[in-house]
């Protein structure tokens with residue numbers, strides 16, 4: 001007698017296509033609420049264990065200065081002019097106004113206490129982790145695979161750079177809006193006729209793009225989710241043509257937003273894009289292929305992670321390129337072949353490939369070959385493939401379920417401990433760059449970073465050695481030449497500093513800091529006219545540098561142009577109203593012109609900012625005496641500040 005076999009469909013693998021009727025909400029059993037709440041608490045604790053140490057960390061010498069502690073616009077606090085600046089300025093070759101507003105709000109709350117800025121990153125990462133779990137659970141009706149994806153997201157070492165680095169706020173902020181967009185989409189597909197829900201979807205996506213333009217691939221991700229787990233379309237089924245049109249049509253407004261974001265980003269990064277004569281297409285494609293595999297390698301074996309991976313000297317090895325190409329072709333072919341039984345493999349792979357396209361290096365913006373932070377959202381794809389693959393392994397055997405569950409618990413514990421250690425390297429600049437030197441080879445930026453950290457600690461001779469090593473690796477580095485020039489000037493070798501600054505400007509004619517520093521050095525050697533030209537060049541690139549306006553004003557004074565000098569000091573105060581040096585210099589000019597009352601106001605402002613400023617105290621006493629006795633006194637002047 002033959003036994004009748006009952007055919008069932010696993011909850012984890014649904015049919016590849018169903019009709020285009022609105023998706024019906026999946027009713028969750030009431031007893032699921034307690035484990036869901038428990039998982040959310042555990043995810044929050046996991047994030048806290050790995051990242052709460054960052055509250056004790058400092059800012060690092062890796063864009064934190066440009067974004068926070070030397071950014072005058074951020075330090076003005078939350079003002080209308082600051083919001084306008086966030087939307088209209090391409091500072092640091094980026095256009096992400098919501099990220100700028102986030103930094104401004106942080107400064108409003110915490111000032112220059114680094115711990116507060118770090119705390120915001122941690123909270124955003126925790127919120128993203130929990131919402132990711134809830135959204136995947138809602139989309140798939142599976143708790144434990146969704147929890148596994150969220151756990152990997154919470155503690156994987158590849159995410160350390162995005163969370164522990166204050167200047168990378170754009171990652172965690174855009175990540176939050178990414179998962180909120182997924183949640184809004186899940187709500188929309190249950191009521192596709194709701195304009196309000198669709199507008200909410202557009203709003204979340206727009207806010208994500210305003211945080212980081214890497215989210216331009218999100219419409220593509222939604223199409224993948226439409227295939228699995230939502231099953232709203234099936235590109236391999238002839239019966240799905242009509243449904244596919246609808247699914248694509250509703251993505252058109254999202255794609256238009258993405259196009260606008262791309263245009264704004266290309267405009268912002270126009271001067272930072274590396275030209276093809278420096279990195280030709282052959283080099284970029286080879287690096288992209290190897291980077292795809294390198295990211296996957298670190299996903300499964302997170303070792304030798306660094307804040308900066310230098311572009312390989314001489315290009316990628318041919319064997320590495322060929323091997324990467326074979327892997328990148330073989331995996332999708334297998335995933336397509338198994339799409340009916342294991343659709344999550346195809347979706348996870350395409351998610352990973354697609355989301356990395358904007359940052360894979362085909363448009364090369366900086367000198368790194370790849371960066372851990374670029375995996376913040378693309379890593380969700382491989383995590384989903386792993387999690388649902390695990391579900392397939394355990395669904396028929398209790399023993400296998402117990403063994404695999406124990407293995408995952410151990411793996412997550414190991415990943416968390418590695419992430420905790422990796423996070424500790426972000427404590428300060430010296431620790432960050434010293435670790436980068438041990439994790440990579442021929443890393444000119446790490447040598448330069450260690451040199452800067454040692455210079456700040458007064459260890460000048462050691463700093464010089466690291467700068468020279470950086471120049472041995474990359475002789476045409478304007479950043480290293482500029483930093484070495486600063487060090488030589490600090491040691492009193494002004495002529496040597498001038499040589500370094502001039503070389504930096506040969507390699508990068510618009511290097512604002514090199515122009516500024518060269519102007520200072522030239523002024524100190526009595527070449528005020530030449531210094532003025534370099535100050536003006538610096539201000540063309542960085543018009544909001546208040547200190548350079550002050551230095552230009554002092555140089556103009558020295559060549560007998562007090563009216564122009566007065567204008568520069570006033571521009572400095574327009575940018576930074578509490579800049580004591582500008583008030584002091586402006587007070588000097590006004591006192592020399594006989595405008596005693598105005599001069600007194602500015603000297604008093606200096607003393608409000610710096611009560612122990614001896615020069616301001618002296619000059620204030622002089623002009624007060626002038627007002628009382630009508631005597632002619634000449635206030636002291638100071639050399640330019642660097």
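What are the equivalent ellipsoid semi-axes of the chain, built from the alpha-carbon gyration tensor (square roots of five times its eigenvalues), in whole angstrom, biggest first?
They are 55, 27, 22 Å, listed from largest to smallest.
Computed FRET efficiency, Cβ-Cβ of residue 493 and residue 424, R0 41 Å: what is it to the nearest 0.05?
In this case the efficiency is close to 0.65.
Working out 0.36 nm times the residue gap between residue 414 and residue 578, then minus their Cα-Cα distance, what length gain in nm do you get to one decimal? Please report the intermediate quantities before stating the final value.
Numbers: separation 164, 0.36 × 164 = 59.04 nm, distance 4.92 nm.
Separation in residues times 0.36 nm, less the Cα-Cα distance, equals 54.1 nm.
How long are the semi-axes of the equivalent ellipsoid of the stretch 59-164, defined as square roots of 5 times the Cα gyration tensor eigenvalues? Whole Å, largest first.
On the way: eigenvalues 204, 47, 29 Å².
Listed largest to smallest, the semi-axes of the stretch 59-164 are 32, 15, 12 Å.
Mind ranking 53-62, 319-328, 212-221 by how tightly packed they are, going by the mean number of other C-beta atoms within 10 angstrom, highest first?
Going from most to least packed, we get 212-221, 53-62, 319-328.
May I ask you to compute the full-extension gain from residue 608 to residue 300, defined as 0.36 nm times their residue separation minus their alpha-carbon distance, rounded to one decimal in nm? Walk me through the numbers on the way to the answer.
Working: separation 308, 0.36 × 308 = 110.88 nm, distance 5.66 nm.
Difference between extended and current length: 105.2 nm.
Run lengths n ≥ 4 of DSSP H only: what is the helix-derived mean residue ellipticity at 222 nm for the chain, with -39500 (n - 2.57) per run over all residues, to the nearest 500?
The per-residue figure over the chain is -21500 deg cm²/dmol.
Using R₀ = 35 Å, calculate the FRET efficiency as 1/(1 + (r/R₀)^6) where r is the Cβ-Cβ separation of residue 270 and residue 52; round to 0.05. Kindly include the intermediate steps, with their values, before the conclusion.
Working: r = 40 Å, r/R0 = 1.13.
After rounding to 0.05, the efficiency reads 0.30.
Which of the peptides 34-46, 373-385 is most tightly packed, and how do the rest follow, judged by the mean count of other Cβ atoms within 10 Å per residue?
On the way: 34-46: 14.8, 373-385: 24.4.
So the peptides 34-46, 373-385, ranked by packing, come out 373-385, 34-46.
Relative to the present Cα-Cα distance, how much length would full extension add between residue 112 and residue 363 at 0.36 nm per residue of separation?
Numbers: separation 251, 0.36 × 251 = 90.36 nm, distance 3.44 nm.
Contour length minus the Cα-Cα distance gives 86.9 nm.
In nm, to one decimal, how far is the residue 472 label point from the residue 196 one, both placed 7 Å along Cα→Cβ?
So the two model labels end up 6.8 nm from each other.
For Cα pairs less than 8 Å apart in space and 6+ apart in sequence, what is the mean separation divided by the residue count of the chain, i.e. the relative contact order in percent?
Normalised by residue count, the contact order of the chain is 12 percent.
Could you state the angle between the C-alpha long axis of helix 460-473 and the longest principal axis of the C-alpha atoms of the chain, as a value from 0 to 90 degrees rounded to the nearest 10?
60
Rule-based calculations on the coordinates, nothing more; no lab input. Please read these numbers as outputs of a predicted model, since none were measured by experiment. Methodologically, a virtual Cβ is constructed for each residue, glycine included, from the backbone with ideal geometry; neighbour enumeration extends over all protein chains shown.
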